[in-house]
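Asker: First the structure, then my questions, so here it is.
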Amino acid sequence: MTNTNSPEILVSVCCITYNHENFIRDAMEGFLMQRTNFKYEVIIGEDCSTDNTRKIVQEYCDKYPEMVHLVYSDKNVGGHRNIVRVLDQAKGKYIAFCDGDDFWTSPDKLQKQVDFLENNPDYVICCHYTREIDFSGNLLYVNENPVSLKYEYGDLVINKQAETCTATMVVRGREMLKDLYKKHWFLNCHAVDKFMKLFATSTTGKKIYVLPEVMSSYRKHPGGVWSMVPQEVLRQKQLNDFNLIINHFEHNLQQKVSLLIFYIRRYFLFQLRKYTITHVFSTIRAIL
């Protein structure tokens with residue numbers, strides 16, 4: 001927990017959760033163990049879980065009333081609207097994200113990311129490496145030799161975004177994210193974290209930096225939004241997001257060429273099989 005006496009909140013930790021009673025304590029403990037020289041807050045959006053998730057979060061709110069804040073309603077609002085209402089309560093200059101089934105593993109995570117962003121104004125997001133685990137916490141994957149990574153908007157549009165999952169992200173600019181959430185197409189996207197990265201880099205012209213350290217765990221389990229999605233369904237969701245990108249973001253000639261090549265390699269045959277040649281030509285026209 002923070003040791004500063006400053007009244008200003010520098011970082012807002014935004015967490016959305018639904019039916020995460022088996023995991024939410026890990027997330028909460030990861031938030032609270034942070035060692036910082038600045039003040040931060042934790043805002044939990046609890047989406048009307050049918051298990052004990054809200055009860056567990058309320059325990060932390062009661063224990064840390066100045067730091068932990070619960071946002072909830074009497075009916076389920078869905079992931080998109082949940083993150084919107086959580087961000088509406090945020091006060092920090094920087095926004096850190098972590099879903100309720102993932103968790104942070106380093107007590108210095110926030111400090112290192114904020115230090116980087118404070119000292120590098122050309123970057124809008126700072127991430128880090130993460131390890132993948134299963135329901136029981138068994139290791140599925142981790143990069144044993146992490147190196148620093150840098151991404152620009154042109155990388156993200158063709159899905160170059162390794163080691164930038166939600167639990168690793170600290171974003172510069174609360175109001176910028178609110179602008180994203182106001183877009184009429186936002187509720188139609190599937191990979192919200194990807195669109196945060198796309199919007200942040202495209203609107204600011206700044207980059208994403210990945211610290212070469214493993215500082216969080218991403219949990220794959222049956223209740224996860226992406227973890228156990230069938231391949232066919234996953235590809236359809238990805239194609240939907242691709243269409244949002246080509247229709248609602250600006251691209252220069254080089255980026256259009258990259259998008260076309262990416263589409264042909266990733267989605268052309270899938271779209272042709274699922275739909276018609278007319279849909280394929282429509283997508284290509286949108287790219288160009």
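The values are calculated or read from the model by the stated rules, or taken from the named source; none is laboratory data. As the structure is a computational prediction, the values presented were derived from the model and not from experiment. Because the Cβ atoms are built from the backbone with ideal geometry, glycine has one as well, and the counts that use them run over all protein chains shown. Heads up: the accessible areas ignore ligands, DNA and RNA and are worked out on the full protein's heavy atoms, side chains in. Shrake-Rupley method; radii C 1.70, N 1.55, O 1.52, S 1.80 Å.
Asker: Quick one: Cys48 ticks every box in (1) on the phi > 0 side of the Ramachandran plot; (2) in contact with a strand residue (DSSP E or B) (Cβ under 6 Å, 6 or more places away or on another chain) bar one, so which box is it?
Answerer: (2)
Asker: Turning to a different aspect of this structure: For the stretch 135-168, how many residues are open to solvent by less than 40 Å² (accessible area, probe 1.4 Å), of a type outside the set (A, V, I, L, M) and under 16 Å from Val192 (Cα atoms)?
Answerer: 6
Every residue, every condition in (1) in contact with a Ser or Thr (Cβ under 7 Å, 6 or more places away or on another chain); (2) at pLDDT below 95; (3) surrounded by 14 or more Cβ atoms within 10 Å (Cβ to Cβ), yes or no:
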| site | (1), (2), (3) |
| --- | --- |
| Asn5 | no, yes, no |
| Ser12 | no, no, yes |
| Glu21 | yes, no, yes |
| Ile24 | yes, no, yes |
| Met28 | no, no, yes |
| Met33 | no, no, yes |
| Gly79 | no, yes, yes |
| Asn82 | no, no, yes |
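Asker: Let me ask something additional. What are the residue pairs meeting all of these: first residue in the stretch 233-255, first residue farther than 12 Å from Leu288 by Cα, second residue in a helix (DSSP H, G or I), Cβ atoms under 6 Å, and 6 or more apart or on different chains?
Answerer: That search, which allows pairs on different chains as well, returns Arg235/Phe270; Phe249/Ser202.
Asker: Continuing with the same structure: Looking at the stretch 14-28, which of its residues are of a type outside the set (Ser, Thr, Tyr) and either part of a loop (DSSP other than H, G, I, E, B) or under 15 Å from Asp108 (Cβ atoms) (or both)?
Answerer: Answer for the stretch 14-28, where residues must be of a type outside the set (Ser, Thr, Tyr) and either part of a loop (DSSP other than H, G, I, E, B) or under 15 Å from Asp108 (Cβ atoms) (or both): Asn19, His20, Glu21, Asn22, Phe23.
Asker: Taking the stretch 169-211 as the search range and keeping residues that are hydroxyl-bearing (Ser, Thr, Tyr) and in contact with a Leu (Cβ under 8 Å, 6 or more places away or on another chain), which one is least open to solvent (accessible area, probe 1.4 Å)?
Answerer: Only one residue fits best here, namely Thr201.
Asker: Scanning for something buried (at least 19 other Cβ atoms within 10 Å of the Cβ) and within 16 Å of the chain's Cα centre (by Cα), does the stretch 222-238 turn up at least one residue?
Answerer: Looking through the stretch 222-238, none of the residues is buried (at least 19 other Cβ atoms within 10 Å of the Cβ) and within 16 Å of the chain's Cα centre (by Cα).
A quick yes/no check of all residues on (1) under 22 Å from Ser216 (Cα atoms); (2) of a type outside the set (Lys, Arg); (3) surrounded by fewer than 19 Cβ atoms within 10 Å (Cβ to Cβ):
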residue: Asn37; (1), (2), (3): yes, yes, yes
residue: Glu46; (1), (2), (3): yes, yes, no
residue: Glu59; (1), (2), (3): no, yes, yes
residue: Leu70; (1), (2), (3): no, yes, yes
residue: Asn76; (1), (2), (3): no, yes, yes
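Asker: Can we say Glu41 is touching a Phe, Trp or Tyr at 6+ places or on another chain (Cβ under 6 Å), in contact (Cβ under 8 Å) with a residue 24 or more places away in the chain and of a type outside the set (Val, Ile, Thr)?
Answerer: Considered against the rule, which asks whether it is touching a Phe, Trp or Tyr at 6+ places or on another chain (Cβ under 6 Å), in contact (Cβ under 8 Å) with a residue 24 or more places away in the chain and of a type outside the set (Val, Ile, Thr), Glu41 comes out as no.
Asker: Now, a different point. Could you tell me whether Ile43 is within 17 Å of the chain's Cα centre (by Cα) and over 23 Å from Pro146 (Cβ atoms)?
Answerer: Details: within 17 Å of the chain's Cα centre (by Cα): yes; over 23 Å from Pro146 (Cβ atoms): yes.
Considered against the rule, which asks whether it is within 17 Å of the chain's Cα centre (by Cα) and over 23 Å from Pro146 (Cβ atoms), Ile43 comes out as yes.
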